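Worksheet: one structure, shown below.
The values are calculated or read from the model by the stated rules, or taken from the named source; none is laboratory data. Keep in mind that this is a model prediction, so the values were computed, not measured. Reconstructed Cβ throughout: ideal geometry from the backbone, glycine too, with neighbour counts over all protein chains shown. Keep in mind that these areas ignore ligands, DNA and RNA; they rest on the heavy atoms of the full protein, side chains included. Shrake-Rupley method; radii C 1.70, N 1.55, O 1.52, S 1.80 Å.
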Amino acid sequence: MRILVTNDDGIFAPGVEAMVEVLQHFGEVYVVCPDQERSAISHSITMKQPLKANPITLFGGNVQAWAVNGTPADCVKLGIEVLVKPEVDMVFSGINLGPNLGRDILYSGTIAGAVEATLYQIPAISVSLNTFDSSKFKSSHAKRLLYEIVEIIMANKVPSGIFLNVNLPHLSKELCRGINVVPLNMTVERYKYVGLNDPHGQIYYWLRDELQQLGNHCLSGDYEKLREGYITVTPVDMKWIDTKQMNKITRWFQRSEFNQLKEEIEHA
């Protein structure tokens, strides 16, 4: 099995090394990551400049790795189409510093890496850790929890058209309360703009993460269970079209004067 690893924290982030060490127990690991942090870049791809994939010997002789001057989606696309031959069997994106919960799926570069793989019908898992401080990153804790998750996933099959969004508590295996499959809580407004004055009295705006200030009354689903010390797993569906509403919306436009006029002209 050929496993492609990417992330949005950059190829030198501690979470990548931890991910690679775990996944080497399950197959051949290839790493294609941005050459610098690309957090919250969502599913951007690079169109106005060329990409360069620099080989890098960071993870030992058994792991081929490239640092790319692009986004996580670029990295996965490049890995699948060009760098990993004959083909990628599975993609893991992470381990991200900081959880990806609820609406984060719309902003996260880590999740974009998994989404890009899913577009190729390749099983994909995004993995994030519930801490933002790299100096406090306990690699041994994260690796033991990740191993438990990967072992279960490898014994089963990720259904086509979805990816799994995994969040690990920043706890030891002994203190972790278990694994919980949960929905995304899309109601939480985690990031908010705050206004600040510069030395000249002009106001500028900074996006503030209010995760630590959220009260329990705001929490359910993935937020609640991660806070309680569980590993959270969310299957995210990639079916963007709401087929149940297609007929209803079609009738809106069929009845419009614009459409009726065009039909009359065509049949005249």
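Ligands, DNA and RNA aside, residue 223 has an accessible area near 10 Å² when probed at 1.4 Å. Take segment 1-47 with all the other protein chains still there, run a 1.4 Å probe, and you get 41 Å² of accessible area per residue. What is the distance in Å between the Cα centroid of segment 156-188 and that of segment 65-84? Between the Cα centres of segment 156-188 and segment 65-84 lies a distance of 25 Å. As an equivalent ellipsoid, segment 208-268 spans semi-axes of 49, 15, 9 angstrom, where each value is the square root of five times an eigenvalue of the C-alpha gyration tensor, largest first.
With Cα atoms as the point set, the radius of gyration and Dmax of segment 47-95 evaluate to 11.3, 34 Å. Give the percent of DSSP beta bridges with both residues in segment 1-151 that are antiparallel, rounded to the nearest 5. Counting DSSP beta bridges with both partners in segment 1-151, the antiparallel share is about 15 percent. Among the GluC sites (Glu not before Pro) in segment 157-228, those placed in a DSSP loop whose Cβ has at most 15 other Cβ atoms within 10 Å are 174, 189, 210, 228. Between 0 and 90 degrees, the angle of helix 257-267 with respect to the longest Cα principal axis of the chain falls at about 70 degrees.
Could you do me a favour and compute the accessible area per residue for segment 111-160, 1.4 Å probe, result in Å²?
That works out to 47 Å² for each residue.
The phi-based Karplus calculation (6.51 cos²θ - 1.76 cosθ + 1.60; θ = phi - 60°) puts the 3J(HN,Hα) values of segment 91-105 at 10, 10, 10, x, 6, 7, 7, x, x, 10, 10, x, 5, 4, 4 Hz, whole numbers, x for Gly and Pro.
Within the listed set 179, 241, 125, the residue fluctuating most in the Gaussian network model of the chain (springs between alpha-carbon atoms under 10 angstrom) is 241. Only protein atoms count toward the accessible area here, which uses a 1.4 Å probe; on the chain, the carbon and sulfur part of that area reaches 53 percent.
Expressed as a rounded percentage, what relative contact order does the chain have, with Cα pairs under 8 Å and six or more residues apart?
Relative contact order, the chain: 17 percent.
Counting every alpha-carbon pair across the chain, the share separated by more than 22 Å comes to 59%.
Averaging 1/r over every pair of different alpha carbons in segment 63-118 and inverting the result gives a Kirkwood radius of 12.1 Å. Cross-link reach is defined here as a Cα-Cα straight distance under 20 Å, omitting same-chain residues fewer than 8 places apart; for residue 136 the lysines meeting it are 173. The alpha-carbon of residue 48 sits under 19 angstrom from the alpha-carbons of these lysines, leaving out residues fewer than 8 places away in its chain: 77.
Solvent-accessible surface of protein heavy atoms, probed at 1.4 angstrom with all chains present, puts 103, 227, 177 in the order 177, 227, 103, largest first. To the nearest 10, the accessible area of residue 252 is 140 Å² with a 1.4 Å probe. State the antiparallel share, in %, of DSSP beta bridges confined to the chain, rounding to the nearest 5. Just about 35 percent of them are antiparallel. Normalised by 2.2 N^0.38 Å, where N is the number of residues, the alpha-carbon radius of gyration of segment 1-69 equals 1.11. Its convex hull of Cα atoms gives segment 117-217 a direction-averaged projected area, equal to a quarter of the hull surface, of 10.3 nm².
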